Every structure is written in structure tokens, then in C-alpha cells.
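Data first, discussion second: the structure below is written as C-alpha cells.
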Amino acid sequence: MELSSIRHTTLNLNGINLHIAEKGESGPLILFIHGFPELWYSWRHQILDLSSRGYRAVAPDLRGYGDSDSPPSVNDYTCFHIVGDLIALIDALVGVEEKVFVVGHDWGAVIAWNLCMYRPDRVKALVNTSVTFNRRSPKRKPIESLKALYGDDYYICRFQEPGEIEAEFAEIGTERIMTEILSYRTPKPLMMPKGRGKGKDHPLDTPISLPPWLAKQDMDYYVSKFDKNGFTGPINYYRNLDRNWELNASFTGAQVKVPTKFIVGDQDLTYHSFGAKQYIQSGEMKKDVPFLEEVVVMEGVGHFLQEEKPHEISNHIYEFIKNY
């Protein structure tokens, strides 16, 4: 791949330095938003593909990730901070009145739903992947609900205590953690029992291979960035789930009113969590996203679908956004 043709820039936006990768001199802008534990690099295939079709493809390292700043406070990672970064980025790249296409994955999908809910005036159309819209329940905070549903070993619950999971990850090692997460293909919620760093329930000398869609140089890039910055910034997104719930109180019942396409793999853990499959199939998602025009469930595909099936995902994006 011609990764050397991708330009890298750092912009001071919303009080932080944000690293962006981009390709395409002109044309409509596509903003790619990565998830956990990912980077701009997770969109490398789509950046090259969509830029070759006449689009300006831009993917930032979100705050806390890669070569962007990692503010020290947990409180600096709410959905409003992240969306604020992206609105500032859009303003810097295309001006304060222009709209862009948005593509999200995993946490990037969560952020994209919020971006479109808060500022539909800045989005031409949305292609979101893996994580459905999450209708806000006014009765129960997210972490309380997740503990009741999946127990204390559920990975999001394990992420809540500052420093605890980071210490465990440090014992296990960045490369092992990244390989385990990026290779995860079990279509059910992800559990992380305590004591993993000492080999409990999952011996650390058990061989584990990279998925076929990820080369060693790709993993080396991921490991280099997470070794440099650690996991605290990225995990702070999860530590703000309850705070986001509180901040989004005024958006209870709000809809996402931009043209939308949603894509998920049928082996994705998210498709088999939170009642997502039923939410999609029952038509409830259409009530929350009234301009949902297409849902694609990719057979035999796991969570990191933009890397596992890069050409198919690029085509899905192009076939939708070309209409706008």
C-alpha cells in the first residue's frame, strides 16, 4: 500500500493538538472516526481507496490516541469534548458552514451518532459501523445497567477503576493485549476476569496468531503508539459513560436526522450485545434514526470490519455517499 502518500498534520483545535492523516487534494470531505483500541491507521485502506475516487479522506487520532494530545483528567474525555474536537476540525478543514460525510467504527460510531445528533447541520450523510445508536434510558445509568446485565468481569465494567486495568495490561504486555483484542471473533460479550496479568484463566504463554487481515508491520505500528502513550486516554472514554448519560439528559428521545447507512458483521461481539440484533431487526433503530436508508449485516465478518474486509467496506461507503 502507498501509505507514504498519506499526509500527516497536527492542528491545534479545541485546546489540544490533534494529529490527522489525509489524502486527496480536493473533493467532498469524508471524516473517518476510529474506535478502541484503534488509530487513524485503522482507516488506511479506506483513505487510499476513497481518495482515489475523488474524495478528500481525513482520519484523526482522537484525543488520547496516537500522536494527538492526551489530556490528563478523566473529565476531559466526555462525548462533548470529542465532538467539540471534530467540529473544530471540520471548521478548520472546510469552513464553518460546510457539511462533510462521516464514517465511524466502534467508539467512533458512538461519537458519530452524537455528532449527528448535536450538529446535523454539519453532516451530509453518515455511514456507521459495528455500534448501533443507543437510545438513552432516563431510568438507569449505563454502568449500573451493564453490571446487572453482564457482571463485574464485563470489560467495560473492568475499565471503570482508574489505573487498575492499565496495570493489568502492563503486566500482560501491549503486543499481547492488542493481538488478543484485534483477533477477538467470539460473537458474545467480551469478559476480562481479574488476574489476567498473572495468567489466571488464560495462560499468557498460550500461542496467539495475528488475524489474516493484519500484517506484522501493522501490529508493530499499533504497538508502537500504545507503548508510547499507554491505554489511559482511550480507556477514559469508557470512564465517562455515566457522565455522558448525565450530560445527554436533554437529548432523551432525540433522533439522528441525517441520511444513514449502518454496517455490522454477524460475528461482531457488538451485534450480540445490548440487544443490538433485535433492535435492528425489529425496526426500533429506524424510529431513532428515521433517515436510516440501509442496514448491511456482513456474513462471517467480525468486529474490525474495515480492516478485515477493506474493499467491501470502501465500496459500501462509496455506493452510499455518492448519492449526496
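The values are calculated or read from the model by the stated rules, or taken from the named source; none is laboratory data. Note that the structure is predicted; figures quoted are calculated from it, not measured. FYI the Cβ positions are ideal-geometry reconstructions off the backbone, even for glycines, and counts take in every protein chain you see. These accessible areas exclude ligands, DNA and RNA; they are computed on the full protein's heavy atoms, side chains included. Shrake-Rupley method; radii C 1.70, N 1.55, O 1.52, S 1.80 Å.
Among the GluC sites (Glu not before Pro) in segment 1-86, those placed in a DSSP loop whose Cβ has at most 11 other Cβ atoms within 10 Å are Glu2, Glu25. Only Cα sites of the chain enter the Debye sum here, all with the same form factor; the resulting log10 I(q)/I(0) across q = 0.10, 0.11 1/Å is -0.54, -0.66, listed in q order. Surface calculation, 1.4 Å probe, protein heavy atoms: Glu98 sits at approximately 100 Å² accessible. Basic side chains Lys and Arg get +1 at the Cβ, acidic Asp and Glu get -1 at the Cβ, and with that the dipole of segment 265-306 about its Cα centre reaches some 140 debye.
Mean-square fluctuations from a GNM of the chain, with a 10 angstrom spring cutoff on Cα atoms, peak among Ala249, Ala276, Ala88 at Ala249. What does DSSP give for the chain in terms of the percent of beta bridges that are antiparallel, rounded to the nearest 5? In the chain, approximately 35 percent of DSSP beta bridges are antiparallel ones.
If contacts are Cα pairs under 8 angstrom and at least 6 residues apart, what is the relative contact order of the chain in percent? The partial results should precede the final answer.
Details: 558 pairs, mean separation 65.7, N = 324.
Relative contact order for the chain comes out at 20 percent.
Solvent-accessible area assigned to carbon and sulfur over the chain amounts to 50 percent, based on a 1.4 Å probe. A 1.4 Å probe run over the chain, with the rest of the protein chains in place, finds 41 Å² accessible per residue.
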